[in-house]
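The structure under discussion appears below in the form of C-alpha cells.
The values are calculated or read from the model by the stated rules, or taken from the named source; none is laboratory data. What you see is a predicted model, and the numbers here were worked out from it, not measured in a lab. Reconstructed Cβ throughout: ideal geometry from the backbone, glycine too, with neighbour counts over all protein chains shown.
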Amino acid sequence: MHRVTREWIKAYATRKGGWNRAQLKLIGVDWPPPKGWIEMVSGTLLTDSDRLEFESLCDRSLATQERERKAPADAIHAARVYYTYPDERGSWTGRWLKPEEVGTWSGHVDGT
C-alpha cells in the first residue's frame, strides 16, 4: 500500500503541470477536480498497482528520458571553467578550459 502525499501528487503531474482524468479517477477524485482536492486525498492509501498506474499516466517516463538526454550536455557545460593567469607582460589573460582539462591544466600556454 502507498500513502498519498502532496509531494507525490505534484511529482507525477503531466508535462503541462496538471493531472489527467484517468489519474484523478485512480485516486478517487471526480472530474473536474474540486478546489482543495489535493488536501482531500492526502493521507489516503492506494494499492501498489494503482500507484504504478497513476505514475505511468503522467508521461513522467517521457519527461525523465528528456531530462536524462539533456543531463550530459548540462554537466559538460557546468564543467567549463574560465582560467585566468598572469602573462609575460605583467597583465592577466585567460581562456576557457575544456571539461577534460579542468583540474589538469598548469596555466602555462606551452602546457608545462
Could you run through region 1-42 and say how many residues are under 12 Å from C58 (Cβ atoms) and in contact with a Lys or Arg (Cβ under 7 Å, 6 or more places away or on another chain)?
1
Go through region 1-103 and tell me which helices (runs of 4 or more DSSP H), entirely inside it, have 1 or more residues that are at pLDDT 90 or above.
6-11, 21-26, 37-41, 48-56
